[in-house]
1. With each pseudo-label sitting 7 Å past Cα toward Cβ, what's the A112-S638 distance in nm, one decimal?
2. What does the charge dipole of the chain about its Cα centre add up to, to the nearest 20 debye, if the Cβ of each Lys and Arg holds +1 and the Cβ of each Asp and Glu holds -1?
3. Within the chain, what is the longest stretch that has no trypsin sites (Lys or Arg not before Pro) placed in a DSSP loop and near at most 13 other beta-carbon atoms within 10 Å?
4. Please state the relative contact order of the chain as a whole percent: Cα pairs under 8 Å, 6+ residues apart?
5. Rounded to two decimals, what is Rg over Rh for the chain when you use alpha-carbon atoms and the Kirkwood radius?
6. For the pair E50/N268, report the inter-label distance in nm, with labels modelled 7 Å from Cα in the Cβ direction.
7. What residue among A238, A520, G292 has its Cα farthest toward the positive end of the dipole of the chain, where the charges are +1 on Lys, Arg and -1 on Asp, Glu, each on the Cβ?
8. Lone cysteines in the chain, going by a 4.7 Å Cβ-Cβ cut-off?
Amino acid sequence: MSNLSLFNEKSDEVSQLRELINFHNYRYYALDDPEVPDAEYDRLMRRLREIEVENPDLITPDSPTQRVGSKPLSEFTTIVHELPMLSLDNAFSDEDLFAFNQRIQDRLKSTADVEYVCEVKLDGLAISLLYQDGVLVRGATRGDGTNGEDITQNVRTINSIPLRLMGSGFPAVLEVRGEIYMPKAGFNALNEKARAAGEKLFVNPRNAAAGSLRQLDSRITANRPLEMCAYSVGYVEAGNLPAAHHDILQSLKHWGFLTNRETQLVSNIEEAMKFYRGIGDRRDKLAYDIDGVVIKVNSIELQQELGFVSRAPRWAVAYKFPAQEETTELLDVEFQVGRTGAVTPVARLQPVFVGGVTVSNATLHNRDEIQRLGIKIGDTVIVRRAGDVIPQIVQIVESKRPANARDIIFPERCPVCASSVETIEGEAVARCSGGLICAAQRKEAIKHFASRKAMNVEGLGDKLVEQLVDQNLVKSLADIYTLDLQTLANLDRMGEKSAENILEALNKSKHTTLSKFIYALGIREVGESTARNLANHFGSFEALASASEEMLLAVKDVGPVCVHFLTDFFSRDENKQAVEALKANGIEWSNIELKSIADLPLASSTYVLTGSLTRFSREEASATLIALGAKVSGSVSSKTTALFAGSEAGSKLQKAESLGVPVLDEQALIDLSSQHSIEI
Ligand code: IVH
């Protein structure tokens, strides 16, 4: 075969590969409905790359391999938009929205319902993409609406932007407009990475998207999880578009763009209002941030008739949601002590309406966070409250710092009990060392103890616990069972009847279960399900309290950190006394009948472990065997069932071989545990 025909053959294969890859790319990014597994897609890409490496002449800028970013630019060049990129008028209430509809009807001299397209208002950056004969030739920012920046290199790296349009029927010159944004999941992952690397965090997905697009080095942009959603068409030459906005969106979708799936065609303004409410209710569950909805007249003819006023169209409006970020002032910082002694700085703020509620406190998490924000008392701060998440300070406005701003001083002594505050190396949290001497920790311990999923003392709420501790009526968990009617009845907002009810609830709570009791003790890392696993595994409190680290590790879902807190808890005399005192005050439960060891799958067998294992530690391996009923011995004898030998096994291996004891490898141990569904 001649060189030329070989080249043509390759060229055909390249075209076919590109078409296939573009199609799968579209299914994946635009439709969110992939047709082939990732591995198949990767194979096609690999093959295309391979041919392109061997035949560089075949590389074109619209090849799907060309999304990885290229040489850094020294600056962005300015472009002039063929048609200015306008902004939108805002509506903040139903009245504003009705007024918008009324203005349209007045201008059209009609009282007939107007058909609208309702879209989400994505919180990202406006983008203009220019296609010539279906090939992406330019990507530009909005800039001031007239002049934008050429960011072609960067937009090419975004997978949901087609480098070449699909299908047919598109105009020879087509400008597509839309929003580039970073979905919440990608934003969180990016910030997690930055946090782990000790780098500066992005304040919100919008800033992260902006920062990612502003890179002169498009290889950085290529690694950022950006998406682009098309929402309209700008400049068009040589071609026709549908006569309704909703149909234009359909065309854009067919040509390979991601269009938003929430978009809805409605027949009047009342339905548009319903759309606003429906999206508002689901706002926090969407995969991306939105700051409102955009309502657009569907008919392009009517849009043209309505025209523009100053910088915004008369045929569209942005109905905004309450802002999730606002600025306010940091008035002071107080330090709260939690159940585990964690000392948390809490920002006291000038009250501000944000995310639909008035916020006057925000958590500052820990010392590292204070340092990261570089925050001082008196600073103007940006507060964010999204959904049900507790309000956060995301940034300070440094230019507004007053001359008398004060440093935030982390206390060396607990603000409640004056015990020393300690920080463990490598941990961000500082803790009060006072334990149950500390009234704050005691309050939280009692609240937890009495809570529904723990001892379930009905009526013993937070306010009551706080009074009991503040008045020194309760110094330990057990003390709550020594309260009498008179003491309770004398408390604030209590009477004889409610005191009686509490006493009854206290009595009722004495009959509990082992797992609830374990959970109620508030041992760190021991949540409800861990407590249940511990109870089922050990059957009795005594067995749990005297278990070795190895035995604890054998419990389902219990890891080394949890084991550390368990052994620490049971080694302390004050805790032993607290449990005894509770039992003395009548707390009781039934022990759980355990499966006898003889019923376990490896009962009456003895194993020995040697050498180094790669998948897990020696302790974990041993815990697994014990959990299955086996004995684990330190030396090989003729009674040994088998030896598990890792790498660099020495004398034990020799001894096993000489005694004819079976020798198994690490994989055999993994198989054994998965066969009996034990997770190592
Ligand atoms: S239409 C002339 N639709 O909101 C109409 N804009 O102030 C131009 N935006 O910067 C915009 N989602 O980037 C439109 N579905 C949507 C949108 C949307 C977000 C942004 C747009 C612009 C701003 C409008």
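Coordinate-derived values only; no laboratory data. Note that the structure is predicted; figures quoted are calculated from it, not measured. Methodologically, a virtual Cβ is constructed for each residue, glycine included, from the backbone with ideal geometry; neighbour enumeration extends over all protein chains shown.
1. Between A112 and S638, the simple spin-label model gives 10.3 nm.
2. Values: 74 positive and 94 negative charges, 184 e Å.
That gives a dipole near 880 debye.
3. Working: sites that count: K109, K200, R261, R311, R452, K453, K475, R493, R572, K595, R615, K639.
With a cap of 13 other Cβ atoms within 10 Å, the longest stretch comes to 312-451.
4. Values: 1191 pairs, mean separation 57.4, N = 680.
Result for the chain is 8 percent.
5. Numbers: Rg = 33.5 Å, Rh = 31.4 Å.
Rounded to two decimals, Rg/Rh equals 1.07.
6. Each label point lies 7 Å from its Cα, and together they span 6.3 nm.
7. Of the listed residues, the answer is A520.
8. For the chain, the answer is C118, C229, C562, because their Cβ atoms have no other cysteine Cβ under 4.7 Å.
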